1. What is the percent carbon and sulfur in the accessible area of segment B:104-217, measuring with a 1.4 Å probe over the protein chains and ignoring ligands?
2. Within segment B:2-114, what percent of beta bridges assigned by DSSP are antiparallel, to the nearest 5?
3. What total accessible surface area, summed over both chains, is buried at the interface between chains B and A, computed with a 1.4 Å probe and given in Å² to the nearest 100?
4. Work out how much length B:ALA328 to B:ASP188 would gain on full extension: take 0.36 nm times their residue separation and subtract the Cα-Cα distance, in nm to one decimal.
5. Under 27 Å Cα to Cα from B:LYS166, which lysines show up? Leave out anything in the same chain fewer than 8 places away.
6. In nanometres, what is the gap between the two model label sites at B:GLU298 and B:ARG165, each 7 Å from Cα along Cα-to-Cβ?
7. Return the long-range amide H neighbours of A:GLY35 (sequence gap of 5 or more, or a different chain), with a cut-off of under 5 Å between placed amide H atoms.
8. List the extent of the Cα atoms of chain A along each of their three principal axes, largest first, rounded to whole Å.
Amino acid sequence: MSTTPVPVGILSTAHPHARAYADAVRAVDGATLVGVATDDGDPSPDAPVMPAADLLERVSGAVICSTNATHGMWVERAASAGVDVLCEKPLATSVAEASTIVRTCDEAGVRLGVAMPLRFSEPARRARAAVEGGEIGALRLIVGTNLLGRPGADWFFDPDEAGGGAVMDHTVHVVDLVRWITGREVTEVYAETATRFHDAAVEDVDLLSMTLDDGTPFTHDGSWCQPDNWDFWGDATLRLVGSEGIVEVDCFDQTLTVTRDGGDQPGIESVYWGSDVDEGLIRDFVEAVRDDRPPAVTGTAGVREVAVVEAAYGSVDEGAPVDVRYPPSRRR
Amino acid sequence: MLTVGLIGAGAMARVHAERVDAIDGVEITAVASPNTAASFADAHVPGAAVYSDVESLCEDRSVDVIDVCTPTHMHRDIVEVAAAAGCHVLCEKPIARTVAGAEAIAEAVADANVVFMVGHAIRFFPEYVEAKRLVDEGAIGEPGVVRARRSVSFGGERGWQGDERKSGGVLLDLAVHDLDYLRWVVGDVERVFTRISKWGDDGENHASTTTLRFENGAVGHVESTWMRLPTLPFTAAFELAGDEGLVEYDTGEVEPVAIRDADRVHVPTDPVGHDVPLARDGYRTQLDHFFDCVRGDEDPLVTVDDAIEALRLSLAAIESAETGLPVAVEEVGQ
């Protein structure tokens, strides 16, 4: 085991997760945060700011926290510098672009991961173990939610930068979780979308009714519908109904209830004290870079999850359920 | 004194009998059921006359009200007999098994000019009433995404509910509660899309999920499950999200009294039992309201058209689950 910390940089700080990932890089043993390259003048993580070319010369791994539309550009730069990549989700705004990203990394010989922190949720891990252990029999119905209030940056409302609204932003976390827990792929998607909560050019209602490849119904609500004054940022939940029982997961239901009479934010707030999922994500990526192994969620998974998003938009266009069209899988 | 003839001797008949017993000025004077009317009356309505069916009851004696607590597929014939006898009718949900049956009921009660209401009971459950009031007051602004779910478990014989020709399965017998409620809160529904899993002996376990598109553009989700898993507590929950707020409810988070001893952990959640700690539960409030309607003091909170629309929502969901396609609600039964 190497004693030299893995040098990590953050490419773009457009995505609000940049700050949490910077904190996680600092917190993880065996990693060091070299700096951030910003493209929007907002170096929110407290770290040295430097041009991307300089940063990429000094790091072995890069975490891309850009807008959805520029993931490909950043991956290209990192890959051509020989730097392994952890890319914010969704991997891209189309299957074609996501596939290009995977090919770029394959050809450059760099590792590619997609940021799916829920894989490192301890409640989700217990749920997966219960399902894998046969505790609830055969799966019969899955209902997920990944609700949010207002996204953390204005570009999420810009179709050019975000590639879409809540469907693009808040579908893939729970789809990834379900793929991981069940080992199944989504085969069909019916979507109900709407713009009901924000003055926006994109949809903020993301309600999907899907089937897995064994026929199990799977619905997911990823709407940006929670009030600004809600006591928490949102949620990530799954209810897995099996032939012999039910597993329910609420990934962030480990909170203190804090009520403040004064200060900047009077009112009730829930403060999370469960295990830090971002640290789990970054630790896995750092170990993948150090040990030259695939990260937990690879680009191939990222492509398949973007395919589900693409099918959801296809369903909206057709007003009917549509089959998910996966590109032929490539093997490394 | 209002006199009531109770039709049926099952679980809902017991729920009604126990509550009517506490209402002043109303008395169940007769019970009709094919085989078990006498034993039911002995246990729950001592002194009531017993009959094998509604026809013999109505021929033999005069009652003001017929309270229909029978399997769904029998509602039509019973309501037609009761209305022809000039009785006001309270009928368990759903109104009927088919749109044709429901329309026949609507015609019969209109012709007889009697008070008629379908027992969409959760419209009287205080948590649901309060949430509706808050939405009407503008607490959440314009509704955007509304979700409701309901899960019940069973242990012994399934009886008529297990026969989909009689009950319509989970999408009619159970989902109709939440479909009616969301329509009451948000408005008419344009289309539904439903998926369902059935498994076990005779496909007795049902787990379903329905998406709704309301005419005002809001979107909804209804999850309804019944399964043979006696350890599973009754659960019901809803989240009503609008552009200015959110109302949430979950039976799993309501624990006003809990009893824990060596044998059990008991947290009352099942509204059909008497154990939910309310001075007057929703079933009692529903009965009080209906008797006020009979006296001419109030108008039925659930109109016959409401009950038919709730039925059509469930039938649309069943059709969608069978075809795999979204179904326009207004086309159901046309």
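The values are calculated or read from the model by the stated rules, or taken from the named source; none is laboratory data. It should be emphasised that the depicted structure is a prediction, and the values quoted were computed from it without experimental measurement. Cβ placement follows ideal geometry from the backbone for every residue including glycine, while neighbour counts extend to all protein chains displayed. Surface areas here come from the heavy atoms of the whole protein model, side chains and all, with no ligands, DNA or RNA. Shrake-Rupley method; radii C 1.70, N 1.55, O 1.52, S 1.80 Å.
1. Roughly 42 percent, rounded to a whole number.
2. Antiparallel bridges: around 0 percent, rounded to the nearest 5.
3. Values: alone 14930 and 14590 Å², together 26700 Å².
Heavy-atom accessible area buried at this interface is about 2800 Å².
4. Numbers: separation 140, 0.36 × 140 = 50.40 nm, distance 1.14 nm.
Result for the pair: 49.3 nm of gain on full extension.
5. Cross-link targets: B:LYS93, B:LYS198.
6. Using points 7 Å along Cα→Cβ, the separation is 3.9 nm.
7. A:ILE10
8. Principal extents (Cα only, largest first): 57, 52, 43 Å.
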